[in-house]
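Written out below as structure tokens is the structure these notes cover.
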Amino acid sequence: MEENKKSPSVGFKLCNQMQLEEFPDKFVIRSMDSESHHQDFSIGRSDGILNPQIGDDCFGTPIKVSTIFGIVGTIRLLAGTYILVITSRKEVGSYLGFPVFRVTSMKFLSCNTALRLSASQEKRDEAYFMSLLRTVESTPGLYYSYESDLTLNLQRTCKLTEGRTSKPLWKQADPRFVWNKSLMEELIECKLDAFVIPLIQGSFQTVQFTLKNSPAKITLISRRCMRRLGTRMWRRGANLEGATANFIETEQLLEFEGFIFSFLQIRGSIPLLWEQIVDLSYKPQLKIIDHEETPKVVERHFYDLTQRYGETIAVDLTDKHGDEGQLSMAFAAEMQKLPSLRYVSFDFHQCCGNANFDNLQLLFDQISDDVEKQRYFLINSEGQILLEQKGITRVNCIDCLDRTNVTQSYLARKVLNFQLHRVGLLSSTECISMYADIYEKFKILWVEHGDEISLEYSGTHALKGDLVRFGRQTVSGLIKDGMSALSRYYLNNFHDGIRQDAMDLISGQYTVSRSNPSPFELNGFESFSYLPVASALVVGGLTLTTFTLNQVGRHVHHFVSSILWAGLTAGAVAVVKANGRQFCSRPRLCHLL
């Protein structure tokens, strides 16, 4: 077995509890950690200027004093600065022995007294930006630790040099997975390292169990990439740099008697240039963008993966007919130009359908040798590296949510069996599914993980959760999936444009500047002013048509009225359908690519 250096311990600890003092002219933030030597700082309420050298200055009696649990960062808009703070948290488990917290509420503190002096258009623009900040405050799936960097998987963490682990967490972090990377910049410039918390967006689930009188723990942690952050319909495929939408690194950890196993998988949108613009139809048409850079985009994407993870297997779960089939064929054609990479096409719906989750064994039979060759990461109780993961499986469907989560959970179960065999908890003829109570916990872990990832991208829980939990589709599961599908339709068409703008603003994809055109100039069509009118015409027309039809037996002229109202209603429906894209919520700030 391979041996290497010990797992490094984290030598830098962030402030984990702060006091927010509000004065008429400034906010003061003081560390409340016992034996803390961290400097306090203030931020002006009129100019938003950070002052890290306040010492023991007395500003009088604060208007309000409250407890906060972290500074997420700052953002400058047209009329001033806003500072985002964590107002509540929940401890959800531990990572490498250090507590992990989920953000349960955040709040922007405004330092924008100059707003009253702004022109009317600037006030309108600032009001829109502020509405986006309110959307950001309710961002789901944010996790952090005061003592451990959650952006790095176990294998990367164990390979850090001793000197690097003593540096602030933001210097250790992988910038791909730092949700607040853009927001931290001003705090870093002011050397407020003890207040700079790298947040990840994704999922953190953990479960403990006893197998053959031996306690063990499984942790599932996912890290969502910020390079092409967005919502389900407004961020598809890849950009010209090769970064893909909904790219997520998922790590499954198994801890047992001092041993820690780590198994990595990744998911991400098909790395072509393509889009699926909402237009009020249930399933908008897929469009592959014809671009001369497409081969380079695919090459850049997989080169990056190979450099980071080693040998990569691309598993494509899309359908082989219709729009999905065309996209899958285009993906396969590009992969043929990269002979060093293995591409596996598996039509999930055809092979599994509503039948049986275990039909995924057909896929596993194709890639099992590669998965075993790629291995997993393992350290012992002394921190010695016994085994390294040499490659990774990249799974995608269209959304990289439902089918992908089912498949990744299946691969994770197979690898978990390998790991339990290695430490002797299971014999070579046993598998985890033979222990019903433990297997149930494992399945729930992956169901909840899939729901959280889906909420962040689509706004609803994942579909096909039954396949993970029961291995088949149930009636209640079909009803739940139907409700989620309808919710996705509503959010995609009438809400996700605003969510996309909020993500572009907070991630730094869009920078607020007076030299930029107004967001209302970037999208001249006011969808929200037209949608209520169209809705009223359709609903009103249907109501009057129904009413007049009910009166036909009493008065003949009601028949003529019914025909008239039915014609007007049909006309309104035709107009709305023909201009479907214009009636949907559209992003204002950034282009799609």
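The values are calculated or read from the model by the stated rules, or taken from the named source; none is laboratory data. The model shown is predicted, which means the values in this text are computed figures rather than measured ones. Don't worry about glycine lacking a Cβ; one is built from the backbone with ideal geometry, like all the others, and counts go over all protein chains shown. Side chains included, ligands, DNA and RNA excluded: accessible areas come from the protein's heavy atoms. Shrake-Rupley method; radii C 1.70, N 1.55, O 1.52, S 1.80 Å.
The rows are residues; the columns are (1) touching a strand residue (DSSP E or B) at 6+ places or on another chain (Cβ under 8 Å); (2) not aromatic (Phe, Trp, Tyr).
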residue	(1), (2)
72	yes, yes
77	no, yes
82	yes, no
93	yes, yes
99	yes, yes
107	yes, yes
131	no, yes
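Can you tell me which residues in the range 1-17 are modelled with pLDDT under 65 and open to solvent by 20 Å² or more (accessible area, probe 1.4 Å)?
Initially, the range 1-17 is screened for residues modelled with pLDDT under 65, giving 1-11.
Passing the criteria: 1, 2, 3, 4, 5, 6, 7, 9, 10, 11.
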Check: Do the conditions hold for residue 354, that is, is it at pLDDT below 95, of a type in the set (S, T, N, Q) and not in a loop (DSSP other than H, G, I, E, B)?
Finding: no
Next item on the list: State all residues of the range 423-445 that are without any contact (Cβ under 8 Å) to a residue 60 or more places away in the chain and assigned to a helix (DSSP H, G or I); if no residue qualifies, say none.
Entry: 432, 433, 434, 436, 439, 440, 443
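Can we say residue 413 is part of a strand (DSSP E or B) and either open to solvent by 10 Å² or more (accessible area, probe 1.4 Å) or within 27 Å of residue 455 (Cα to Cα) (or both)?
So residue 413 fails the test.
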Notebook entry, point to check: Within the range 335-358, how many residues turn out to be open to solvent by 50 Å² or more (accessible area, probe 1.4 Å) and either among the basic types (Lys, Arg) or more than 22 Å from residue 306 (Cβ to Cβ) (or both)?
Noted result: 8
Item checked: Conditions (1) more than 25 Å from residue 585 (Cα to Cα); (2) open to solvent by 10 Å² or more (accessible area, probe 1.4 Å); number of the one not met by residue 288 -> (1)
Margin query: Within the range 416-445, take every residue that is under 15 Å from residue 216 (Cα atoms) and among the polar types (S, T, N, Q) and give me the one that is least open to solvent (accessible area, probe 1.4 Å).
Written below: 419
Notebook entry, point to check: When you go through 167, 107, 191 one by one, which is the residue that is basic (Lys, Arg), open to solvent by 30 Å² or more (accessible area, probe 1.4 Å), touching a residue at least 40 places away in the same chain (Cβ under 8 Å) and within 30 Å of residue 64 (Cα to Cα)?
Noted result: 191
Next item on the list: Kindly indicate whether any position in the range 380-394 is assigned to a loop (DSSP other than H, G, I, E, B), closer than 30 Å to residue 296 by Cβ and open to solvent by 10 Å² or more (accessible area, probe 1.4 Å).
Entry: yes
Checklist line | the range 147-164, subset open to solvent by less than 10 Å² (accessible area, probe 1.4 Å) and in contact with a strand residue (DSSP E or B) (Cβ under 8 Å, 6 or more places away or on another chain), residue nearest to residue 226 (Cα to Cα) | finding: 151
Next item on the list: Name the single residue, out of those in the range 446-460 being outside any helix (DSSP H, G or I) and under 11 Å from the mean Cα position of the chain (by Cα), that is surrounded by the fewest Cβ atoms within 10 Å (Cβ to Cβ).
Entry: 459
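Provide a single number: the residues in the range 313-339 that are more than 18 Å from residue 244 (Cβ to Cβ) and free of Cβ contacts under 8 Å to residues at least 24 places away in the same chain.
Step one: of the range 313-339, the residues more than 18 Å from residue 244 (Cβ to Cβ) are 319-323, 325-326, 329, 336, 339.
Now narrow it down to the ones that are free of Cβ contacts under 8 Å to residues at least 24 places away in the same chain: 321-322, 325, 329, 336, 339.
Total satisfying the criteria: 6.
Identify, please: which residue in the range 210-231 is more than 26 Å from residue 590 (Cβ to Cβ) and crowded, with 17+ Cβ neighbours inside 10 Å and is, among those, nearest to the chain's Cα centre (by Cα)? Spell out the reasoning first.
Taking the range 210-231 first, the residues more than 26 Å from residue 590 (Cβ to Cβ) are 210-221.
Now drop any that are not crowded, with 17+ Cβ neighbours inside 10 Å, which leaves 216, 218-221.
On the way: 216: 28, 218: 21, 219: 18, 220: 15, 221: 12 Å.
Ranking the qualifying residues of the range 210-231, first place goes to 221.
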Check: Pick from the range 66-100 the residues that are modelled with pLDDT under 95 and among the aliphatic types (A, V, I, L, M): which of them is surrounded by the most Cβ atoms within 10 Å (Cβ to Cβ)?
Finding: 79
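Taking the range 240-277, which residues are of a type outside the set (A, V, I, L, M) and open to solvent by 20 Å² or more (accessible area, probe 1.4 Å)? Give the steps one after another, and end with the answer.
Taking the range 240-277 first, the residues of a type outside the set (A, V, I, L, M) are 241-242, 244, 246-247, 249-252, 255-259, 261-263, 265, 267-269, 271, 274-276.
Matches in the range 240-277: 241, 255, 257, 258, 259, 275.
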Margin query: Restricting to the range 128-148, name every residue that is under 16 Å from residue 249 (Cβ atoms) and touching an Asp or Glu at 6+ places or on another chain (Cβ under 8 Å).
Written below: 141
Next item on the list: Answer yes or no as to whether residue 369 is out of contact with any strand residue (DSSP E or B) (no Cβ under 9 Å at 6 or more places or on another chain), in a loop (DSSP other than H, G, I, E, B) and farther than 25 Å from residue 211 by Cα.
Entry: no
Check: Would you call residue 120 more than 16 Å from residue 136 (Cβ to Cβ), out of contact with any Gly (no Cβ under 9 Å at 6 or more places or on another chain) and at pLDDT below 85?
Finding: yes
Next item on the list: Within the range 18-44, track down each residue that is assigned to a loop (DSSP other than H, G, I, E, B), at pLDDT 85 or above and open to solvent by less than 60 Å² (accessible area, probe 1.4 Å).
Entry: 23, 40
Notebook entry, point to check: All but one of (1) β-branched (Val, Ile, Thr); (2) more than 22 Å from residue 509 (Cα to Cα); (3) in contact with an Asp or Glu (Cβ under 8 Å, 6 or more places away or on another chain) hold for residue 278; which doesn't?
Noted result: (2)
Note to self: Given the criterion within 26 Å of residue 498 (Cβ to Cβ) and over 24 Å from the mean Cα position of the chain (by Cα), identify the matching residue among 281, 269.
What the structure shows: 281
